[in-house]
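The values are calculated or read from the model by the stated rules, or taken from the named source; none is laboratory data. Please read these numbers as outputs of a predicted model, since none were measured by experiment. Here the Cβ is made from the backbone with ideal geometry for all residues, glycine too, and neighbour counts use every protein chain on show.
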Amino acid sequence: MTILAVMRHAKSDWGQPGLTDFDRPLNRRGRKAAEQVGRELKRRGVRFDRVLASPALRVRETLERLDEGYDGLPEPQFERRIYDAGLDALFELVRMIPDSAHAPLLVGHNPGLHQLLLNLTSDADGLRSRVSDNLPTAAFALIELPATRWEEVESGTGRLAELILPREIDD
């Protein structure tokens, strides 16, 4: 079995005219949510051995705040192609994860990340229905896949094993 964690960046700030999409920072709510998710991951004992992330500022800041609550994230590997990746590019990226990675965390953007989550998991999954329309900002999902090697990952074979939505965390 292979386990893939995915997380959408936290809520970004749209109040600074002239910034490019790539350079938008988190807003106050986003900073708080990322830290809350980090604490919840720590509380649940979720561990990662690799972090693959978009280099966009809001993702970098999400990871910084996530680690403030989590305290122990691996050093992120920033992949430019995650920034504007659609389903096909993200699926390819997952299948190229080295077999030495047993618990990677992929942090990026919608719509690609949401499409990847839906593509990898089965409709029969109870948790999946909670994010069928949208993967909210700062949402975290843990996908169990039956493949033993990343290159063997196939669409529709995974199960959504964990789902953390910031609005549902008691803090």
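Laid out as a table, the results:
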read-out	value
Which listed residue is under 19 Å from A85 (Cα atoms) and surrounded by fewer than 17 Cβ atoms within 10 Å (Cβ to Cβ), from E154, E162	E154
Filtered residues of the range 99-120 (kept if part of a loop (DSSP other than H, G, I, E, B) and touching a His at 6+ places or on another chain (Cβ under 7 Å))	H109
L90 vs. criteria modelled with pLDDT of 95 or more and under 12 Å from the mean Cα position of the chain (by Cα)	yes
Cβ-Cβ under 9 Å pairs, at least 6 apart or on other chains, the range 68-90 side touching a residue at least 40 places away in the same chain (Cβ under 8 Å), far side surrounded by 17 or more Cβ atoms within 10 Å (Cβ to Cβ) and not charged (D, E, K, R)	Y83/S54; Y83/A56; Y83/V59; Y83/G108; Y83/H109
The range 7-34: number of residues that are among the acidic types (D, E) and over 27 Å from L118 (Cβ atoms)	2
Scan of the range 68-87 for residues that are over 22 Å from R39 (Cα atoms), in contact with a helix residue (DSSP H, G or I) (Cβ under 9 Å, 6 or more places away or on another chain) and surrounded by fewer than 19 Cβ atoms within 10 Å (Cβ to Cβ), ordered by number	F78, E79, R81, Y83, D84, G86, L87
